Each structure stands twice: as C-alpha cells, then as structure tokens.
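A short reminder: the numbers here are calculations on the coordinates, not readings from a lab. Just so it is clear, the structure is predicted and the values come from calculations on it, not from any experiment. Heads up, the Cβs are rebuilt from the backbone with ideal geometry, glycines too, and the neighbour counts pull from every protein chain shown.
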Amino acid sequence: MVDTITVGNFKLTKPEISGSPTTWGNKLNANMDIIDGAMTANQQAGVPVGSITMWAGVATTPPANWMLCNGASIATADYPALFAVIGYAFGGSGTSFNLPNFSNKFPMGGTVGSTGGEATHVLTTAEMASHAHAVTDPTHNHGHSDPGHAHNVYDPTHIHGVGDPGHAHGVSQAYQDAHSHGLDHQVPTTSAGGTVAAQAGGWLFQSVRTDQQQPALHVAIAAGGTGVYLGYAATGISIYASGTGMSNTAAATGVSIQASGGGAAHNNLPPYLGISFIIKYQ
C-alpha cells in the first residue's frame, strides 16, 4: 500500500502500513514540521503588527517576530511592516525609526509617543498645603538719647506809637482874703518864690508874698485826662525752629521664624514590579 495525503490544508503524509520504521519516522517528522509551522503562523496571525504586550522572559532575545521595547533605532528597510504602522512616532528620521521605550515607564492611554511624569518630584510653593511656622520673639528694647536743645530768639526791637489828642487842666482859686488884681497881676509861679504841691484832684500853687497890696495866693490846678495812649505794635520777635537732637538707637528685634522642610524630591512612584514589553514587527 502506498502513502496517502491528508485532504486538509496542511497536506500531511500518511505513511504506508507496510513501510519500514525508518520510512515512517522520516515522514512523521516532516508532518510535525508542517504542523508546527502552521500553528506558529496561526498564532502570529491572531496578533497584528505593532501590538505591544508584557513579556516575563528573562532572556534578552524575545520570541520570533517580536522585539524588546527598549527605544532602539532600527532600519526602515529591515522592518517595513512595523514602520508602516508606527512610523516616527517614537523618534527617528530618514532611513531609521525608533522602537517604543518602556524602560522605567508605565503605559498610559493618549497620544501615541507622548511622554510625561516624574519618578521623583520637588513640590513647588503652589503645590504645598497651607501651613504655619513657629515664631520666636524674646522681646527687645530701643535705646533713647536726648542731648537737650535750645531755640534761638530773634528780636529786631520795636516801638509803640503814641497818640495825644491834647488836654487841659481846670483851675480854681482860693484867697487868703478878698483882693483884686490889677492889670499887671499874674499868677505867681515857682520862680516868684511860690511853691508847688500835689493835692487831691490836681496841683496847688501857693504864693508867699506878704505885702498888703498882694496877699498870698493859692492856685489849684485840677487834674485832667491826658488823652494820651500807646498804640499797639507788633513785637517782631521770632523763635527759630530747632531740632530736638533726640534719637532712637536701632535694636535687633530678636524675632526668628523657624524653617521647615528640606526641599528634597519625594518618590512619585506607586508600588511596582519590573517586566519587559515587546512589540510585534511582522
């Protein structure tokens, strides 16, 4: 009985029943290769080019048709199917393009090729929570100095105006006895040997002549308002301004605000487990 072929797509050989073991072995091995190739092709056909998956392999060589996502630059001519899918999204130009780089990075949905985030971060002022600082104030005093001071005085001298509208004194006579005066009679004055004395209401002039023809004469001059007054006058005195000379000595306040924080970056990563990412190129 001769060999027959399966009717399926793989066309596997069915060895003849009476054939030798060697013949059977060679034919079965050929069938296994056909089956393995078909299974591999079928597996790859279910994953499109450009697909990325996590791979826990510890070897540096990923499975067939897959490459590590390590950001390497590769030639567009060697991997046309992958270049047709991702182009220069992850870098490169001209005849080469870059693979995605997942070294120390997480995937995140969004614009293909975009990057961001920080493994560590230093807070800005706007990012810090509102808080207070402790204040220490040991109290303090300011020294005061006053050397004393004086003001200069300027006086240009001044006078008061005098107004005199004129005035008169009333006159009254008292005789020692009746007498008459001739045409040549004058009231005696102090130059004729008389005396002058003050009396209530004015002045008293008294003759001391003793002849019989002219008895002693007493003349009283009544007081009268003088009408004299002193007008007001500006003094002209001025006092110059003078600095006090006082000074306050500066003094340290002693107040201090306690600093907080060291400004170091903080870890920005959640708990993680390292693993490789691979991309299918054909």
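Among the residues of the stretch 24-45, is any loosely packed, with under 11 Cβ neighbours inside 10 Å, in contact with a strand residue (DSSP E or B) (Cβ under 8 Å, 6 or more places away or on another chain) and either over 14 Å from Lys280 (Cα atoms) or not basic (Lys, Arg) (or both)? Checking the stretch 24-45: not a single residue is loosely packed, with under 11 Cβ neighbours inside 10 Å, in contact with a strand residue (DSSP E or B) (Cβ under 8 Å, 6 or more places away or on another chain) and either over 14 Å from Lys280 (Cα atoms) or not basic (Lys, Arg) (or both). Starting from residues that are surrounded by 16 or more Cβ atoms within 10 Å (Cβ to Cβ) and among the hydrophobic types (A, V, I, L, M, F, W, C), keep the ones in the stretch 68-77 and report whichever is nearest to Ser96 (Cα to Cα). Checking each candidate, the answer is Ile74.
Every residue in the stretch 116-151 that is closer than 30 Å to Asn101 by Cβ and either without any contact (Cβ under 8 Å) to a residue 24 or more places away in the chain or part of a loop (DSSP other than H, G, I, E, B) (or both), please. So that I can check it myself, show each step before the final result.
Taking the stretch 116-151 and keeping what is closer than 30 Å to Asn101 by Cβ, we get 116-124, 127.
Result: Gly116, Gly117, Glu118, Ala119, Val122, Leu123, Thr124, Glu127.
If Asn65 satisfies every condition in (1) surrounded by 12 or more Cβ atoms within 10 Å (Cβ to Cβ); (2) more than 30 Å from Tyr281 (Cα to Cα) but one, which is the exception? Only one criterion in (1) surrounded by 12 or more Cβ atoms within 10 Å (Cβ to Cβ); (2) more than 30 Å from Tyr281 (Cα to Cα) is unmet by Asn65, namely (2).
Taking the condition in contact (Cβ under 8 Å) with a residue 40 or more places away in the chain and surrounded by 11 or more Cβ atoms within 10 Å (Cβ to Cβ), does Pro80 pass? Walk me through how you get there before you give the answer.
Details: in contact (Cβ under 8 Å) with a residue 40 or more places away in the chain: no; surrounded by 11 or more Cβ atoms within 10 Å (Cβ to Cβ): yes.
No.
With the requirement that a residue be touching a residue at least 24 places away in the same chain (Cβ under 8 Å), of a type outside the set (S, T, N, Q) and more than 11 Å from Phe277 (Cα to Cα), what does the stretch 55-70 give you? Give the steps one after another, and end with the answer.
First pass over the stretch 55-70, keeping only residues touching a residue at least 24 places away in the same chain (Cβ under 8 Å): 55-57, 62-70.
Narrowing further to those that are of a type outside the set (S, T, N, Q): 55-57, 62-64, 66-69.
Answer for the stretch 55-70, where residues must be touching a residue at least 24 places away in the same chain (Cβ under 8 Å), of a type outside the set (S, T, N, Q) and more than 11 Å from Phe277 (Cα to Cα): Pro63, Ala64.
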